[in-house]
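The values are calculated or read from the model by the stated rules, or taken from the named source; none is laboratory data. Quantities reported herein were computed from a predicted structural model and do not represent experimental measurements. Note: ideal-geometry Cβ built from the backbone for every residue, glycine included; neighbour counts use all protein chains shown. For accessibility, only protein heavy atoms count, side chains too; no ligands or nucleic acids. Shrake-Rupley method; radii C 1.70, N 1.55, O 1.52, S 1.80 Å.
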Amino acid sequence: MSDPSEQHHQARPAVPVLHEQRLDEVLGAAPEPGRERYRPHRVGMVWRSKAFRVGAVAVALLLCGLIILALVREQTGTEGFLVGLGLAVLPVPLLMAAFRWLDRVEPGPWRNLLFSFAWGACAAALVAIIANSFATRWIATATADPASADTLGATVIAPVVEESAKAAAVLLIFLFRRREFSGVVDGIVVAGFTATGFAFTENILYLGNAFGEDQQLGSSGLASVTAGTFFVRIVMSPFAHPLFTVLTGLGFGFAAVSARHHRARRIALPLLGLALAMGLHALWNGSASLGPYGFYAVYGIVMVPAFALVTWLAIWSRQRELRTLAAELPAYAAAGWLTPAEPSALSSMRARGVARDLARHWQQDRTGGRAAARAVAEYESFATSLAGLRRRARHGAVGPDFGARERELLHHLWQRREIAAPALTHAARLTSRPGAHRNLAPPPYGSGYGYGPGYNSGHGPGYGYGSGHGPGYGYGSGHGPGYGYGPAPWSPPPGHGHPQPQPYGQQPAQPYGQRPAQPYRPPPGYGHGAPHPPHGHRRPH
């Protein structure tokens, strides 16, 4: 049995490095809680005060919202505006939920998504209304043909102006929130929220105008202009604007995972995505001028297949994130940062959900259960970011702050491991095939979670926390044995199959017969891992 006081003096494992060469200068261990202050390299930082920047953006978006509100109300009237608002809001929760579901593997912060939606609904919509109206009037004056000016404005001017205005939100997050924009899924989600906001404002305008036209004609019911507009824009094609802008988001997403030395590719991919978005938008707007069946032909031949292709690509990218977890995290499990079963659990959405439920139900009160589930969810998110960071490092798509970012993520995992690791380990056993983990070796040195007799308060087995080879304290409903999870002793007994600590700068041993990954030799300045700290380093609570 280990002394409980040893739990506070265990050193962190060494960080597995991506290359074989021993480095002369190494980075220190992650600091204690409260001292971790990661500052990424900021691109084009103009404002020095974060509060000032946030306030300035909020005020600008608010002003745009007030102006667009006044313009739409002026065109539709108060009654038309209210009707349009009530109908246009219907698809918004569904679209936001779909994009948020896609982002479940590594959820992005809500502040980015709310900014994207507000940008699309306020700033991009305001730019589109002003620019489209000015361009259409100029063309009508120059050609003396208002009908041709409207057609040209809808098929040429509107796609260029609107897609450029929406792409600005994706560009801003790509530049100023680079840590949170790490792949294809992030590009799809940010672009989708931006386009959802834009379509929301545009639908208010179209539906409000349709209602005003019905008021003048006296029509109502299914034969009204409002019903037809609602069917086309809300029922048939709520995904139209998100589909266009997602093409731009895909370009930025592929640029985010491209190697940093491929500068031409990182610039060309977003421009290509923007060009495809403009082209598809122009085809969609011009379908009405292709004859009585032009709209249905474009809808069935182009829009539906394009939507299916983008949906497949989005789901494939989501699954790829899970495969990245299964491929990259075993290196950290071999070094002792994770238990052997965690990579399997973290790469399964089902096991993730089970782990959060276990952590919630293992607590005695509802407040503690919510906090435990939140800690597991944060642990899963940080582990996903760590796996993605390591994968991008293998492809040369990380910056010189890679080492600091890796240490920060490991620091966050270490703070939550006492709650998250037991839940994920048990979830892996519950969700795996029978016998899949039957021969799991004890966890790596200094970070494992053992089983021991627990204390229960009812009539059945309970689960709890305890020393890895000693008694645990469980929550259950019986007087039978419980299972206690707790840190294993620093020096495991011989013959248990624990991987030995690797000297810094050498490849760690691969667990359970896995093939070692190909060594990565990054440019100088990153690829550094934290060395094995002295034995007396205190672990954060």
*Counting only heavy atoms of the protein chains, get the accessible area per residue of the range 245-298 (1.4 Å probe) and round it to a whole Å² value.*
50 Å²
*Under the Karplus relation 6.51 cos²θ - 1.76 cosθ + 1.60, θ = phi - 60°, what is the ordered set of whole-Hz ³J(HN,Hα) values for the range 91-104, x standing for Gly and Pro?*
x, 4, x, 5, 5, 5, 5, 5, 5, 5, 4, 4, 8, 5
_From the phi angles alone, apply the Karplus equation (6.51, -1.76, 1.60; θ = phi - 60°) to the range 72-84 and give each ³J(HN,Hα) in whole Hz, x where the residue is Gly or Pro._
5, 5, 5, 7, 9, x, 5, 5, x, 5, 5, 5, x
_Per principal axis, descending, Cα span of the range 204-335 in whole Å_ = 74, 33, 25
*For MET349 and ARG263 in one chain, what is 0.36 nm times their gap in residues minus the Cα-Cα distance, to one decimal in nm?*
27.5 nm
*Taking all protein chains as present, what is the carbon and sulfur share of the accessible area of the range 340-400, in % to the nearest whole number, probe 1.4 Å?*
48 percent
_Linear extension gain, ALA371 paired with ALA97, 0.36 nm per residue minus alpha-carbon span_ = 96.3 nm
_Once you place label points 7 Å from the Cα toward the Cβ at ARG320 and VAL235, how far apart are they in nm?_
3.7 nm
*Mind giving me the FRET efficiency for ALA144 and LEU172? R0 is 30 Å, r the Cβ-Cβ distance, nearest 0.05 is fine.*
0.15
*Cα centroid separation - the range 224-259 against the range 83-119, whole Å*: 13 Å
*Using a 1.4 Å probe on the protein chains only, how many percent of the accessible area of the range 153-227 belongs to carbon and sulfur?*
64 percent
